[in-house]
1. If I fit a long axis through the Cα atoms of helix B:363-377 and take the longest principal axis of the Cα atoms of chain B, what angle between them do I get, 0 to 90°, rounded to 10?
2. Going by alpha carbons, how many degrees (0 to 90, nearest 10) lie between the helix axis of B:304-316 and the longest principal axis of chain B?
3. Students often get this wrong: which residues of segment B:357-393 have the backbone nitrogen under 15 Å from the point 7 angstrom along Cα-to-C-beta of residue B:323?
4. State the percent of C-alpha pairs, over all pairs in chain B, separated by a distance greater than 26 angstrom.
5. With chain A treated as a Gaussian network of Cα nodes joined by springs under 10 Å, which of A:226, A:182, A:117 yields the largest mean-square fluctuation?
6. Put a dot 7 Å past each Cα toward the Cβ at residue A:78 and residue B:370; how far apart are the dots in nm?
7. Would you mind pulling out the separation of the Cα centroids of segment A:136-188 and segment B:242-317, in Å?
8. Going by average Cβ density within 10 Å per residue, which order do the peptides B:190-203, A:155-168 take, highest to lowest?
């Protein structure tokens, strides 16, 4: 079909412009292993300590290249998040320089961040990011944990409905962080690419971001790549879905209400229909009334 | 009709109103005294569920529209701001986005029930055609709503679907330009989609009014397909149908809430959390699940114009169902052969849905072609022929006779004990 061919051509053209080109020819990426997450399931909540560790990784490592444009410093102190106090969130904000203005002279200027500010991006614009990073644009991380995933396909999507599996995104992020290995012998790595067994097409532009011991933890949590991946993925899940705790809490209340209400409706229905179905005498009265 | 008394205004005000606008007696005769067959099963509750879903979508949609910005540079972030900053915005959006899926789930069950029990047959042809119009309006509304968050899948779905019109010979390309309001999917496209997405639900509500009117003129069909003959065959709408409908709305809501609260992104494409980028095509452009069977039919045909025609025909053929089915027996319960072909048809639609979600290559294309052929053969060959050759089972004389026969079987062990 012409039209699908043209779409396909577009897709190929678009991917040729980046590293995605290898995704069309290379073998399928491995399925990201499913991890255990504190926010999984009907009573799942974020672990504030884990989110704080994940935030530390974002701040010290990811934020060098990745923006987090939709998040504000105030979010760090909001309920259901990393659990910083407002003073702490303000102090974190003050360590960032944000562009403000224009001032009375019409000039933009730099000032320390305030709690109401949004996380300043590492580059002034997408072009600046591309220019600095060999032509590749690191994706914004605000919705990344919901914008990535892995399709398990039939019949797994049926099981996932009942097990409430919604963590394909964080699983994928953890897998990418831990998925840097030596390429197989016959794999031709494109220039500027790194081999990652979980990345579609296996050639990822991002160099291995985290190594054992790279980010210091003060709470005794092991400083391994595996743990870093878990923590930063949890943080990014929170960044993408900051209202998850509230959703799970309200969900339970709604389910209990609906269950009780539906049972009552069923009993009412049974009572109302009783004469029609089981009592011919009363039924006779009804129809001759 | 003594059992279904007409409305008698009691208070002075209601008597005064009744002489000027008999709205109370309209409500009374339509939703209280209205006789409904006593043997309706739970498949008949989906009309009520659909009305409920339309209400849910309109209420959440109107509030969402208060916070949404239909501009290509702002739309994605305004939806994210609803999710993050608006009080219970996440709840409204997840109810609305999952609501589309549940609306379609309900309409497919409603349509399947109509096909199984022959609810489209004389004298319910107009009722059925109004239903097909409602389905078309739902498809259009759902599609335009999906474009509004302006994620990658929104943008590319809009591009793919509007491009279908370019298949029309001669005027195809000008029509597509006219639909877009430009030379590509852009801000004018988003603006008009928002406008129409807000308008069409009210059109749907109007046609629902006609649909219910036609229903109340012809009366409801029932599992036997035998028209009610005496008062024994019917019960009053209230309380019998209302309480039954309400119960099943509750059951439906339990499943719906499961998705809204625990699996809100289960039915959403991950790509739609990436802001729209006209320069980058997603690797797989897949429509929402409820369009997949039709999408599979479109892709099964190796010619664009023919594919688009088949897509259109696959939906429009439903409107001709009352005349394609030549059998005078309504319910599939009494049509053993039709029943088997119909279940095969349902399986083919589900199979097409699965194939629509897969890459169109190799065996998948062949399978989609086979199923598409069956889809059309069912309407154009099987239905007309079957009605003429099928030996049907004997119909009960009346609804109450079939109910009594059923109850006897059910109550026999109880009386013996």
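What follows is calculated from the coordinates using simple rules that are stated; it is not laboratory data. This structure is a prediction, so every number in the text was calculated from the model and none was measured. Every residue, glycine as well, gets a Cβ built from its backbone with ideal geometry; the counts of neighbours run over all protein chains shown.
1. Taking Cα atoms only, the helix is inclined about 40 degrees.
2. It is inclined by approximately 20 degrees.
3. B:380, B:384
4. Result: 62 percent of Cα pairs exceed 26 Å.
5. Looking only at A:226, A:182, A:117, the biggest GNM fluctuation is shown by A:182.
6. 5.2 nm
7. Between the Cα centre of segment A:136-188 and that of segment B:242-317, the gap is 22 Å.
8. B:190-203, A:155-168
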